[in-house]
Structures are given as structure tokens and as C-alpha cells.
Amino acid sequence: GGKQMEPGNQTPVTEFILEGLPNTRELPSLFFLLFLLLYLLTLLGNTLTLLTVLCDPRLHALPMYCFLGHLSFLDACLSSVTVPKILAGLVGPGGRAISFGGCVAQLYAFHFLCSTECFLYTVMAYDRFLAICHPLRYSVVMSRKTCLWLAAGTWLTGSIHAMIQAFLTFRLPYCGPNHVEYFVCDIPAMLKLACANTAINQVVILANIGAVVAGCFLLICVSYTYIASAILKIRTAQGRQRAFSTCSAHLTLVLLYYGPPVFIYLHPSSSQASDGVVAVFYTAVTPLLNPFIYTLRNKEMKKALRKLICGQTLSLHA
């Protein structure tokens, strides 16, 4: 295509090369199989979780499972934004190229899905807080309508957050180097390639991501502090066990999810290599663990899953 010459003889970049993950080049076929397996298991686990919730009228009427369905969908999408491109890059050098528009789309989708999940985890903590601390008001407060509004709110907030991030990153000029030292078009790696001073961008982006992560994490901690004190007051051991089991599954995911971004975005001097390993964890590994942590630890989900797979109309109280 006819590239427009800009003042100072700079041609804008039309495509980027994703360098992929460090240390995977030596054994591309091994890593290809590993990521393919991770990806297929992630899609399988999350699709099963989503179908289980959708096909069981009793489950999708309950807010906790409604949110879990959303989480499964987001997880399947999140790994689809990053892993196929990692696989393409491992096949050969041609697979590492990504168009400018593709890069914008990937950065937007990546931040949209990550931040929507971030907000969703917060909503899920609030849901557990209501269920355990205010069981009598729960069904009134957390109605079907409220549940849908909250879920829609997480998607809307996530998309606004991602739009801001993508706009701030790509309003900078890119005119020369186009090798992204990362496996996905993400902000820290992209800013290194911009032909402009990125100091203001970095401050605004870090403040934005920092506020989202810290805000959500703080709200989750508050919810769980109340939950913990309520669990300790439950008289029966069985009641305590049930409440604790649901919440520990959620807390495990929250810690797996909030650890990596803090490490990557709020510690920008760290090497891309260590960042890559950490980021793969929450874009490829956490989405795989979600359905297992939630579904396999939950009696209702296991029953519904068996029904879905065996096609039997077992009574739920059998």
C-alpha cells in the first residue's frame, strides 16, 4: 500500500512482529502441543460450565451460577485472544506478524476481557457477602433483574476501561521499530516502540489499571472480611463447611487472578521475560483452572453436569 510519508521522513508502522514467549523457540513443537492442550482443555472446561448453567433452569435462576456462566464465557474468550496467536508464532516466523489493526483489536479485547473479569469477581464477592451475611434479604436484593444489571455493568465498565487504554496507547505515533517483545500486543511492550515521549501515557495507564485492580481487590477483601466473621458465627459445623467451601474456591481464583497484573503493571522495570511467564499464567492457566476450581468443588454443579452428560432427568434431590 502507498505509505504516507510523515514530516521527518518517518513511515508509520503497518504491522508488528510479536516476539512470543521467551525460551519457547528452542522447542517449538513441544510448546505448541502444550499450549494447544491448554487451549483445548480451557475451551472444553468453560464450555461445559456454561452449558451446565444454561441447560439447568434451577441453576441459571441462581445469581451465583449466572455470574459463573459469564465468567466461563469471558475465560473462553480471553484464552482465544492470546493463545491462538502464541500457537501461530510457534508454527513459524510468518505467524508472528500482526497487522496494525489486529494489534489494536488484540490490545482492546485483552484489556476488555481482563477488566470485565476483574469487575465480575468483585460482583461475585458481593453476591457471596449478601448470601452469607444477609440470607433473608438475599433473594429480594439479588433478584434476577439485579443480577442481569450487575453482569451488564461489568461488561460496560470493562469496555469503557479498554477503550481508554487502547486510545491512549495508539494515539502515539509508531514509525520505526515494530518488534513487540511480548506474546500479545499489551501496553508496556507497545509503549517501548512508540516514537514519542510516553511518560504521561505511562502515568495515566498505571493510574487507571492501578485504580481498577486496587479498587476491586479492596472491595473483595471487605466482602470477605464480613463473610469470614459471619462464617465463624455459624453454629453447625456442616453450615460452616458449606459456606467456607464456596468462598475458598472464589478466593483461590481471586488470588490467582490479581497477583500477576500487580506484578506486571505496577512493577514496570521488571524484565519482559519474567512478565511473559507471569502473564501466560493468567491468560492461559487461570482460565483453565476456573471451571475446575468452581465446578468440581460444587455439589450442585457436579449434579447438573452429570445430568447434562448422561442426559438423565435425575431429580436434583436424589
Accessible area per residue, Å², the chain with all protein chains present, probe 1.4 Å: 49
Neighbour-limited loop hits for trypsin sites (Lys or Arg not before Pro), the range 182-241 (at most 12 other Cβ within 10 Å; DSSP other than H, G, I, E, B): 235
Give the residue from 222, 114, 238 lying farthest towards the positive end of the charge dipole for the chain; charges sit on Cβ (+1 for Lys and Arg, -1 for Asp and Glu) and the dipole is referred to the Cα centre. 238
Test of understanding: express the Cα radius of gyration of the chain as a ratio to 2.2 N^0.38 Å, with N the residue count. 1.10
Within the chain: Cβ-based charge dipole about Cα centre, in debye rounded to nearest 20 (Lys, Arg +1; Asp, Glu -1): 1460
Based on Cα coordinates alone, diagonalise the gyration tensor for the range 1-144, multiply each eigenvalue by 5, take square roots, and list the semi-axes in whole Å, largest first. 41, 21, 12
Would you work out which of 54, 138, 309 lies farthest towards the positive end of the dipole of the chain? Charges go on Cβ: Lys and Arg +1, Asp and Glu -1. 138
Cα-centre dipole for the range 154-242 with unit charges at Cβ (Lys and Arg positive, Asp and Glu negative), debye to 20: 600
Given the -39500 (n - 2.57) contribution per DSSP H run of 4+ residues, what per-residue ellipticity at 222 nm results for the chain, rounded to the nearest 500 deg cm²/dmol? -24500 deg cm²/dmol
If you average the alpha carbon positions of the range 26-103 and of the range 228-248, how far apart do those two centres end up, in angstrom? 33
Aspartates and glutamates near residue 303 by alpha-carbon distance under 19 Å, same-chain residues fewer than 8 away left out - which ones? 56
Under a Gaussian network model of the chain whose springs join Cα atoms within less than 10 Å, the largest fluctuation of 241, 165, 202 belongs to 241
Between the helical axis of 100-133 and the dominant principal axis of the chain, each derived from Cα atoms, what acute angle in degrees is found, rounded to the nearest 10? 20
Rounded to the nearest 20 Debye, what is the dipole magnitude of the range 1-135 about its Cα centre when Lys and Arg each give +1 and Asp and Glu each give -1 at the C-beta? 80
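The values are calculated or read from the model by the stated rules, or taken from the named source; none is laboratory data. All values reported here derive from a predicted model rather than from experimental measurement. Positions of Cβ are backbone-derived with ideal geometry, glycine not excepted, and every protein chain shown enters the neighbour counts. Surface accessibility is based on the protein's heavy atoms, side chains included, excluding ligands, DNA and RNA. Shrake-Rupley method; radii C 1.70, N 1.55, O 1.52, S 1.80 Å.
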